[in-house]
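In what follows, a structure is listed as structure tokens, so that the remarks can point back to it.
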């Protein structure tokens with residue numbers, strides 16, 4: 001469930017302890033099991049729960065081609081029949097890895113183009129010899145990699161690569177990226193560690209003794225055309241139901257993470273046989289998400305597990321959030337491992353969620369300004385307005401002067417990524433940007449945390465579903481226009497239940513949604529958040545002010561004169577103290593900035609000063 005590790009040894013001698021160290025660095029639970037596989041030039045291992053079969057290994061008849069896959073692919077039965085007719089023999093027809101082995105023998109790298117699911121894999125070919133690393137279309141199962149002494153080292157987690165061992169050196173440009181464009185996660189393919197990179201989505205990295213190539217086999221490019229809305233909605237409903245039910249077929253312990261939003265209720269509503277499914281909702285007792293989810297489950301007649309938590313309890317998971325994601329998730333999502341652990345304790349092995357569906361179909365990232373953009377400079381300004389955490393002027397006060405040189409470099413890289421976005425319109429390019437940056441490097445970290453306890457399935461990125469969405473022009477995606485029609489056709493009863501962001505049901509025309517959001521915001525401001533404190537399941541701005549253990553964490557990290565962010569000379573303490581003081585005295589909501597700063601300090605303590613304890 002939790003990943004793969006490995007390295008080549010074309011030039012280096014075999015070493016059992018090396019692969020064991022890497023695998024143990026990934027393993028976080030005694031119930032997780034490690035399986036090792038090797039040949040003359042490769043050592044690999046998988047770390048997974050034995051009763052959840054989302055990690056599989058297979059070889060062909062003569063052992064020349066082998067595949068280790070982490071994750072699962074769907075809908076390959078027709079192709080499997082064709083392969084059998086051509087003489088390929090299968091020991092287990094449901095084994096994804098075995099299918100890929102024989103499909104690769106028949107089609108080479110072309111086989112990866114149509115694989116449908118959430119996965120990453122490594123494939124070896126003894127005859128060349130070569131090793132391939134492959135990511136799915138959206139990079140939902142990350143693979144990190146580096147090179148050392150003529151070999152490639154790879155893993156689902158950076159921390160395993162460090163145990164190869166690989167030199168542990170902080171990437172200072174990443175530190176600046178994290179604080180400049182933190183809402184995008186760590187921008188690009190770089191990580192916190194110099195020399196360790198993340199593979200792009202929909203890519204194949206081919207490594208031999210002579211070097212490597214990195215190629216894209218697919219890309220998310222919107223190809224809007226004239227469409228009949230009703231026909232498109234019906235096709236989407238059909239494809240979505242198929243995708244959801246294909247993923248829950250023959251599984252026990254299935255759940256859906258149900259919030260007060262639209263994506264998760266669509267997933268739950270699409271399940272044909274709901275008697276074996278449990279809806280899971282979490283949050284502070286009495287929050288809007290729980291109240292709305294209760295109404296959804298009543299209308300669908302589904303079992304409902306509600307996980308209430310005290311925000312003070314979540315402090316205990318802040319270090320887990322940072323260590324399990326190699327510093328890429330921030331402490332304001334510390335509820336995720338707590339919730340996932342509770343799901344596991346309640347016998348839930350699998351969960352579905354509405355991953356990025358609001359962006360893909362609902363246009364939740366789009367705003368009117370993207371439709372008015374006429375030039376790339378305007379496009380850049382709009383993107384930066386949404387995703388700058390600390391403004392350049394703030395960064396110069398926050399960062400030690402020796403890091404100022406990176407500010408311009410980071411903005412240039414941001415501009416390069418924005419310039420490389422694809423689409424015929426700026427709204428299409430905006431959605432491409434958000435999906436290939438924030439969703440891939442930040443939103444996805446919630447999945448990484450959950451998979452430590454329960455396995456995940458993502459019907460919203462099903463190949464057939466995506467191919468339909470790609471045809472939808474941005475004006476139909478914007479402001480949930482086509483999404484509302486989709487929900488009406490999928491299950492009209494669910495459209496009568498309020499939407500958490502607006503507290504209005506989707507049957508209310510979307511032109512009223514924005515005013516409703518403004519009203520909620522005004523109420524929060526007038527009441528200093530007292531009225532709407534429980535609007536969301538984790539209102540971090542107020543949690544930092546109201547809950548004693550979070551205040552203590554603030555003092556023991558950012559306010560501590562001996563904190564590593566100051567000891568190592570990265571940040572200016574006076575400015576950090578000012579940010580915290582402004583927040584606690586309600587002069588400004590700096591909760592998001594504080595979350596990133598605490599995360600940075602915890603990251604340094606976790607990976608760069610093992611002896612430092614709070």
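Of the listed requirements (1) over 18 Å from residue 453 (Cα atoms); (2) part of a loop (DSSP other than H, G, I, E, B); (3) in contact (Cβ under 8 Å) with a residue 60 or more places away in the chain, residue 90 misses just one: (3).
Residues in the stretch 477-509 that are in contact with a strand residue (DSSP E or B) (Cβ under 8 Å, 6 or more places away or on another chain) and in contact (Cβ under 8 Å) with a residue 60 or more places away in the chain: 498, 506. Within the stretch 360-383, the set of residues being out of contact with any helix residue (DSSP H, G or I) (no Cβ under 8 Å at 6 or more places or on another chain) and part of a loop (DSSP other than H, G, I, E, B) comprises 374, 375.
Go through the residues of the stretch 107-117 one by one and say whether even a single one is over 28 Å from residue 245 (Cβ atoms), crowded, with 19+ Cβ neighbours inside 10 Å and touching a strand residue (DSSP E or B) at 6+ places or on another chain (Cβ under 7 Å). No, the conditions are met nowhere in the stretch 107-117.
If you go through the stretch 420-429 and pick out every residue that is part of a helix (DSSP H, G or I) and either surrounded by fewer than 19 Cβ atoms within 10 Å (Cβ to Cβ) or on the phi > 0 side of the Ramachandran plot (or both), you end up with 0. One residue alone among 209, 229, 190 is in contact with a strand residue (DSSP E or B) (Cβ under 9 Å, 6 or more places away or on another chain) and at pLDDT below 95, and that residue is 209. Residue count for the stretch 29-65, restricted to those that are in contact (Cβ under 8 Å) with a residue 24 or more places away in the chain, assigned to a loop (DSSP other than H, G, I, E, B) and touching a strand residue (DSSP E or B) at 6+ places or on another chain (Cβ under 8 Å): 8.
Residue count for the stretch 384-396, restricted to those that are in a helix (DSSP H, G or I) and surrounded by fewer than 16 Cβ atoms within 10 Å (Cβ to Cβ): 4. Determine, yes or no, whether residue 255 is assigned to a strand (DSSP E or B), buried (at least 18 other Cβ atoms within 10 Å of the Cβ) and at pLDDT 95 or above. For residue 255, the condition - assigned to a strand (DSSP E or B), buried (at least 18 other Cβ atoms within 10 Å of the Cβ) and at pLDDT 95 or above - is met. All of 356, 417 fail the test of being closer than 28 Å to residue 119 by Cβ and buried (at least 23 other Cβ atoms within 10 Å of the Cβ), apart from 356. In this structure, is residue 520 closer than 26 Å to residue 425 by Cβ and either under 25 Å from the mean Cα position of the chain (by Cα) or modelled with pLDDT under 95 (or both)? No. Scanning the stretch 174-222 for residues that are within 27 Å of residue 463 (Cβ to Cβ), free of Cβ contacts under 8 Å to residues at least 40 places away in the same chain and part of a loop (DSSP other than H, G, I, E, B) turns up just one, 189.
The values are calculated or read from the model by the stated rules, or taken from the named source; none is laboratory data. Note that this is a predicted model, so its numbers are computed, not measured. Counting neighbours? That spans all protein chains shown, and the Cβs are built from the backbone with ideal geometry, glycine included.
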